[in-house]
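The values are calculated or read from the model by the stated rules, or taken from the named source; none is laboratory data. Please read all numbers here as calculations on a predicted model, not as lab measurements. Backbone-built Cβ (ideal geometry, glycine too); neighbour counts: all protein chains shown. Note: areas computed on protein heavy atoms with side chains; ligands, DNA, RNA excluded. Shrake-Rupley method; radii C 1.70, N 1.55, O 1.52, S 1.80 Å.
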Amino acid sequence: MMKVIAFYLPQFHEIPENDEWWGKGFTEWVNVKKAKPLFDGHEQPKVPLDKNYYNLLDPKVQVWQAKLAKEYGVYGFCYYHYWFGGKMLLEKPMENMLKNPDVDLPFCICWANEPWTRAWVGETKVLIPQYYGEKKEWEEHFNYLLPFFKDSRYITENGKPLVVIYRPEVIECLNDMLDCWQQLAKDNGLPGLIFAYQNIDFDLQQDKDDSRFDYDIEFQPLYAQHDMTKDKHKYLKAIRRKVAGIVERKFGFDLMRYGAGFFNKGVQTDYDVVWKKVLERTPETEKNVPAAFVTWDNTPRKGEKGQAFVGDTPQKFEKYLSQQIKRARDVYHKDLLFMYAWNEWAEGGYLEPDERFGYGNLKAIRQALIENDEFPVYPEVKGK
């Protein structure tokens, strides 16, 4: 059974910090609504079906999302989690989900361990740097996550909860912290944790130590974009990447991501070309986990500095996804497939129905799973 796990963005409700930094009432919908077409055929702004600009603090929304995901074969959500040495942002949707058994969909957590910046509106200023502390801070973070790990909906392997770290390459205390979490898991009645990472920068480090990780998620379309450009200025890029990593570990500022930006290679990129690169990838080790993407268009955030994939349709998405499901099973020998994304509306990576294709991309997932005999069976939620 193939488990399609979609990344889930919680920034669809107001928080005091966003009101202060970007103006009263800021949510991701602000970026989505202000988007403009930048070339002939550029379909912006993206509009949810029936203009469903939802508020994630409304419990009916998360119940609707879970029901929709299950109907079309999305096995679970991977919630982005924002933690800055005890300071949290956008935590309420995940906390509300934990309290509400009617959101009966499997889930896991990805710690989006980046500095909090003005990247949401295409700017570079750091608002909250990212630091990792020592054992006291690691224990505090683990104890916050423990109720999620023990929930019957949490995605596990052999009883071990799956935890994704977005950018391990910038964590100086990485191995010590993960070892601490493993011990804390066992001390709290769990058999351990399964660790995965998803950012290509860790893969590109020549001296990386991924010994604590069980899985390397090939986060798409980032990996395909790298494959398309990896031979261009590779030595200069390697130097820039190394310097940027040192700066972030020491000062909490992501020099590469919020400087030039990895994706900012011009406005238009052919959807089919990117998917071709995805489907040409083969696992470098047994840890590699394949991924897929709906499409990409971050111009709502970055305007002319952004990038838009062109030529996507639900029919193409179904064809490519069906091939990737086969490859996940037969080439990667995995039953996991990470999907970008459930609701990244301001980056074009969303499965939720819109006025452009309706339920087309969700129907594509269901059909791709069915034709490969991989439509999931969902675990029963305890306590319902």
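Considering segment 30-133, there are no qualifying strands (runs of 3 or more DSSP E) wholly inside with 2 or more residues that are polar (S, T, N, Q) and surrounded by fewer than 16 Cβ atoms within 10 Å (Cβ to Cβ).
When P147 is tested against (1) under 24 Å from E95 (Cβ atoms); (2) in a helix (DSSP H, G or I); (3) open to solvent by less than 20 Å² (accessible area, probe 1.4 Å), just one condition goes unmet, and that condition is (3). Scanning segment 173-202 for residues that are at pLDDT 95 or above and charged (D, E, K, R) turns up D176, D179, K186, D187. Does K150 satisfy being free of Cβ contacts under 8 Å to residues at least 12 places away in the same chain, out of contact with any helix residue (DSSP H, G or I) (no Cβ under 6 Å at 6 or more places or on another chain) and not acidic (D, E)? Judged against the criteria, K150 is not a match.
Among residues of segment 202-230 that are touching a residue at least 60 places away in the same chain (Cβ under 8 Å), those with a Cβ under 7 angstrom from a residue that is part of a loop (DSSP other than H, G, I, E, B) and open to solvent by less than 30 Å² (accessible area, probe 1.4 Å), sequence gap 6+ or separate chain, pair up as I217/Q198; E218/R281; E218/P290; F219/Q198; F219/N199; P221/W296; Y223/R281. For segment 37-55, the count of residues that are closer than 29 Å to K125 by Cα, of a type outside the set (F, W, Y), out of contact with any His (no Cβ under 7 Å at 6 or more places or on another chain) and without any contact (Cβ under 8 Å) to a residue 40 or more places away in the chain is at least one.
Restricting N158, N175 to those that are surrounded by fewer than 17 Cβ atoms within 10 Å (Cβ to Cβ), without any contact (Cβ under 8 Å) to a residue 60 or more places away in the chain and in contact with an Asp or Glu (Cβ under 7 Å, 6 or more places away or on another chain) reduces the list to N175.
Does D330 satisfy the condition of being of a type in the set (D, E) and either open to solvent by 20 Å² or more (accessible area, probe 1.4 Å) or touching a strand residue (DSSP E or B) at 6+ places or on another chain (Cβ under 6 Å) (or both)? In short, yes.
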